[in-house]
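Written below as C-alpha cells is the structure these notes are about.
The values are calculated or read from the model by the stated rules, or taken from the named source; none is laboratory data. Since the model is a prediction, treat every value here as computed from it, not as a measurement. Using ideal geometry, Cβ is built from the backbone for each residue, glycine included, and neighbour counts are taken over all protein chains shown.
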Ligand code: G3I
C-alpha cells in the first residue's frame with residue numbers, strides 16, 4: 001500500500017512540474033536576470049488587440065510605448081497636451097505590475113515643428129528653445145512621477161562616426177541640449193532612471209562619444225542610469241564580439257545597459273543596419289524573398305542569432321537592466337516597412353497568427369543553465 005502512495009505522490013509531483021514548465025514564460029524565466037519587455041502599439045494600449053495583450057501580460061515584465069509618448073503626439077501644438085493614450089499605457093503597466101518606460105522626451109524625429117520656430121517661421125533663440133524643452137519635459141515627467149520608472153531622455157543624437165547629429169536641437173543649442181534635457185527630467189522626477197538611447201550603438205566612433213557624453217553628465221552631477229542599445233539588427237551585422245565590446249565599454253563608465261528595441265530581421269538589407277526612420281529605399285522584389293515564410297535554413301540561422309544574443313545578455317546579466325523586444329508579433333513590426341515599404345519580415349518572437357515561436361522555448365532553456 002505504501003508503495004502505491006509513494007508512486008502516486010511521485011506521479012503527481014512530476015505532472016505538476018511539467019504543467020509548471022508548460023506554463024513557463026519569458027517573464028518567469030528571466031525574472032532573476034533582467035526585465036524582459038516589449039513595445040506596445042495603440043491597438044494594444046487601448047485593448048483592441050486582445051490577443052497581443054494576452055501575450056504581453058503572460059510573457060513580459062516591462063513595457064514601453066512604441067509611439068504615443070513621443071513629443072509630436074503628447075504636445076502636437078505648443079501648450080496643447082494630449083495624454084489619453086499615454087495615460088492608458090501607464091495605467092495598463094501599473095495594473096499588470098510592469099516596469100514602465102517612457103519613450104522618448106527629446107528626439108530629432110517625430111518632434112512637432114513648432115518647437116523650433118517663431119511666429120515668422122524663423123529659428124527661435126536658444127532661450128526660447130530651452131524654455132520649450134523644459135516645459136515639455138517637466139509637464140510630461142511630472143505627470144508620471146513615480147509611475148514611469150525610466151525615461152529615454154534623449155534619443156539618437158550621435159552619428160556613427162561620433163559626431164553630433166545636426167538636428168535643430170543641436171543647431172540652436174549645441175551639445176548643451178543633452179545635459180539640459182537630463183537636468184529637466186531629473187528635476188521633474190528625481191527617482192526616475194534616466195537613459196540615453198541610440199541605434200548602431202556598437203560603432204566605435206559612437207561608443208566613444210556616448211561614453212564622453214555620460215562622463216560629462218556625471219561630472220555635472222546630472223543623473224544618468226543607463227545606455228539604451230536599440231539592437232535593430234540583422235542576421236550578420238553586428239558581430240556578437242563587436243556588440244559585446246560596446247556593451248562592456250558602456251558599463252565600464254558606470255551605467256547599466258538597456259537593450260531597448262530588439263528585433264532580428266531575416267531580410268536582405270540594402271545596407272548594414274540603420275534605424276534612422278528617414279532612411280528609406282524603393283521596393284525591389286529581390287529584397288522581399290520570403291513572402292510565404294522563412295526557408296528552414298534561414299529560420300535556423302535566425303534562431304541561432306537570437307540565441308547568440310541572449311547568451312551574450314545572460315553572460316552579462318549583471319550589467320543589463322532590461323531587454324525589450326520592439327513589438328509582439330511579426331505583422332506589427334516596423335521592419336515590414338523599413339527600410340523598404342511592403343515587405344514580409346519575421347523579426348519578433350510571436351508569429352502572424354499570434355502563436356509563440358519555437359525560439360521562445362529555446363530562450364527560456366538558456367536561462368536554466370546561465
Ligand atoms: O497612426 C498613424 C495612422 O493614423 C496613419 O494612417 C498612418 C499613415 O502613415 O501613420 C500612422 O502613424 C505611424 C506610426 O508609426 C504608428 O503606426 C507613423 O506614420 C510612423 O512614422 C510611425 O513609425 C514609427 C517610427 O518610430 C517613427 O516614429 C514606428 O512605428 C516605430 O516602430 C519607430 O520606432 C523608432 C523608435 O521610436 C526610436 N528608435 C528607432 C525606431 C524605429 O524607427
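Condition check ((1) within 14 Å of the ligand (Cβ to nearest atom); (2) buried (at least 17 other Cβ atoms within 10 Å of the Cβ)) across all residues:
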residue	(1), (2)
289	no, no
293	no, no
303	no, yes
324	yes, yes
327	yes, yes
348	yes, yes
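Restricting 155, 135 to those that are at pLDDT 95 or above and within 16 Å of the ligand (Cβ to nearest atom) reduces the list to 155.
The lone criterion from (1) over 22 Å from the mean Cα position of the chain (by Cα); (2) without any contact (Cβ under 8 Å) to a residue 40 or more places away in the chain; (3) within 16 Å of the ligand (Cβ to nearest atom) left unmet by residue 169 is number (2).
If you go through segment 259-307 and keep only what is under 30 Å from residue 109 (Cβ atoms) and assigned to a helix (DSSP H, G or I), you end up with 285, 286, 287, 302, 305, 306.
Could you please find all residues in segment 329-340 being in a helix (DSSP H, G or I) and surrounded by 19 or more Cβ atoms within 10 Å (Cβ to Cβ)?
330, 332, 334, 335, 336
Candidates 105, 129: the one that is within 23 Å of residue 186 (Cβ to Cβ) and within 16 Å of the ligand (Cβ to nearest atom) is 105.
Beta carbons closer than 8 Å, at least 6 apart along the sequence or on distinct chains, pair a first residue in segment 323-341 that is at positive phi and in contact (Cβ under 8 Å) with a residue 40 or more places away in the chain with a second that is part of a loop (DSSP other than H, G, I, E, B) and within 10 Å of the ligand (Cβ to nearest atom) for 327/41; 327/66; 327/333. Might you let me know whether segment 70-88 holds any residue that is part of a loop (DSSP other than H, G, I, E, B) and in contact with a strand residue (DSSP E or B) (Cβ under 6 Å, 6 or more places away or on another chain)? Checked against the condition, which is being part of a loop (DSSP other than H, G, I, E, B) and in contact with a strand residue (DSSP E or B) (Cβ under 6 Å, 6 or more places away or on another chain), segment 70-88 yields no hits at all. Scanning segment 311-322 for residues that are in a helix (DSSP H, G or I) and either in contact with a strand residue (DSSP E or B) (Cβ under 8 Å, 6 or more places away or on another chain) or surrounded by fewer than 18 Cβ atoms within 10 Å (Cβ to Cβ) (or both) returns 311, 312, 313, 315, 317, 318, 319.
Yes/no matrix, rows are residues, columns are (1) free of Cβ contacts under 8 Å to residues at least 60 places away in the same chain; (2) away from the ligand (no atom under 15 Å from the Cβ); (3) farther than 25 Å from residue 148 by Cβ; (4) in contact with a helix residue (DSSP H, G or I) (Cβ under 6 Å, 6 or more places away or on another chain):
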site	(1), (2), (3), (4)
191	yes, yes, no, no
233	no, no, yes, no
238	yes, yes, yes, no
265	no, no, yes, yes
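Taken over segment 83-101, residues that are within 13 Å of the ligand (Cβ to nearest atom) and either over 15 Å from the mean Cα position of the chain (by Cα) or without any contact (Cβ under 8 Å) to a residue 60 or more places away in the chain (or both) amount to 1. Residues in segment 268-287 that are surrounded by 15 or more Cβ atoms within 10 Å (Cβ to Cβ) and at pLDDT 85 or above were compared, and the one that is farthest from the chain's Cα centre (by Cα) is 287.
Does residue 161 meet the test of being touching a residue at least 12 places away in the same chain (Cβ under 8 Å) and closer than 27 Å to residue 212 by Cβ? Judged against the criteria, residue 161 is a match.
Of all residues in segment 119-129, at least one satisfies being touching a strand residue (DSSP E or B) at 6+ places or on another chain (Cβ under 7 Å), outside any helix (DSSP H, G or I) and surrounded by fewer than 16 Cβ atoms within 10 Å (Cβ to Cβ).
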